[in-house]
Structures are given as structure tokens and as C-alpha cells.
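Below: the structure, in C-alpha cells.
Rule-based calculations on the coordinates, nothing more; no lab input. These figures come from a predicted structure and were not determined experimentally. All Cβ positions, even for glycine, are placed from backbone atoms using ideal geometry, and neighbour counts span all protein chains on display.
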Amino acid sequence: MMLKISLAFAALILLSFPIWRLASRRRSLPCPVWLRWLVEMDNPFTRTNRAEVILSHLNITPGMHVADVGCGPGRLVLPLARKVGKEGHVVAMDIQEGMLKRTRQKTEAAGLDNITFLRAGAGSGPLAGYRFDRILLVTVLGEIPDPEPALAEIHKALKPGGLLSVTEIIFDPHFQRKKTVIRLAQNAGFKERAFYGNALAYTLLLEKPE
């Protein structure tokens, strides 16, 4: 059964990926809400992008304040909210109301109430006033039309010593190479903390210096 699901998943990706990548070259094109199920599940072909793997690198503890920027349908929001506990808080931010609506439905069904929802794009100022221990960008950076101010805003919103986690996989039409991410991050004031994965599927941890 799992093999059939994986093969069907692969076929759908192969059919939609070239069109999505071509369109994304012309303008910023986040995953449409009707395709949310594609990003709602862990990719069966790469371990790097699985929610539990991404979070395992971040040493998230109860009481932390965390933001998932470009949260989509909330694949990481629920496990984040459980990890930080009632003493902590999660900000789920996305530019599409349909994605936030789906995330709200899931968090309400799970009985989680330590989440704030923000409909906004990174770089437009929605994170002003927040101070986070961790911020996540999971296959999102390439969707941001102007990443420089977005990363500057994220840098400001992190506490000193806080971590930005950037995950990229080649299956994403907005895939960003490691050297591109590092260049943008260093310009914003980050330093590289750790790298997990390989050139085609990785998580890069970036630290705001103390």
C-alpha cells in the first residue's frame, strides 16, 4: 500500500513540477492552496525534509518562542506547538489565508492554543515586536520576492544566539543552493552554525551572534 502511495506521489510531482518551476521563474509563486496536500505530508523521497528531522536539529525546549515563516498547511506548526508547550509560543505565518485556515483547523482539532496566526509576507514588518528563539524557513526562501529585507527582519526578530533554520530540497521549484543562502544570510548578519544533508536536500542552521 505504501509503495502505491509513493508511486502515485512521485507521478503527481513529475507531472506538476516542470510547469510550476517554469512559472516560478517569471514571478513569485507559492504552492497554491489547492495543492496544499503536497506539502502537508513528509516527502517520501528525502529524509531531510521530514518534520521530525528538521526539528531534531533545533533543540527546541518547553517555553521557547518559535516562528514558522511560510508555514503552509501547518506540517511543522503542530509538532512545534507541542514541543514548546503551554509555557512557549508559536507564530504561524503565511501569505495565503487558505493555508492558515487549514492550519487553524488542525490546531483546533488537536486542542492547541499556544499559536498566533499571521497573514503576511516576510519582509513587510509582521515580526516587529517579537523576539524568537528559533525561526524556520522550510522550502520558502525562494518564494520571497525580495529576500534581503526578509532576512534582515528575521535577524532582528531573533534573540541573540537564536537560530534560523533554512531547509531546501531540489524537488521544490524555488530551490535555493547553499551558497546562495549563505551569501544572503551573511549579508543579513548571520553566521553559519551547522549543515545537514547534501547539495540537493539540506537544512542549514544560521545563528544570530550573541
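Looking across region 68-93, the residues that are touching a helix residue (DSSP H, G or I) at 6+ places or on another chain (Cβ under 6 Å), assigned to a strand (DSSP E or B) and free of Cβ contacts under 8 Å to residues at least 60 places away in the same chain come down to Val90, Ala92.
Here is a yes/no grid of residues against (1) surrounded by fewer than 21 Cβ atoms within 10 Å (Cβ to Cβ); (2) of a type outside the set (D, E, K, R); (3) in contact with a Lys or Arg (Cβ under 8 Å, 6 or more places away or on another chain):
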residue	(1), (2), (3)
Lys106	yes, no, no
Ile115	no, yes, no
Arg134	no, no, no
Ala152	yes, yes, no
Gly161	yes, yes, yes
Thr167	no, yes, no
Ile170	yes, yes, no
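Among residues of region 185-210 that are without any contact (Cβ under 8 Å) to a residue 24 or more places away in the chain, those with a Cβ under 7 angstrom from a residue that is assigned to a loop (DSSP other than H, G, I, E, B) and loosely packed, with under 13 Cβ neighbours inside 10 Å, sequence gap 6+ or separate chain, pair up as Lys191/Pro209. For region 120-172, the candidate set comprises residues that are over 15 Å from Ala92 (Cα atoms) and charged (D, E, K, R); within that set, the residue that is nearest to the chain's Cα centre (by Cα) is Glu168. Only helices (runs of 4 or more DSSP H) whose full extent lies in region 96-210 are considered here, and the ones with at least 1 residues that are of a type outside the set (Val, Ile, Thr) and in contact with an Asp or Glu (Cβ under 8 Å, 6 or more places away or on another chain) are 97-109, 178-188.
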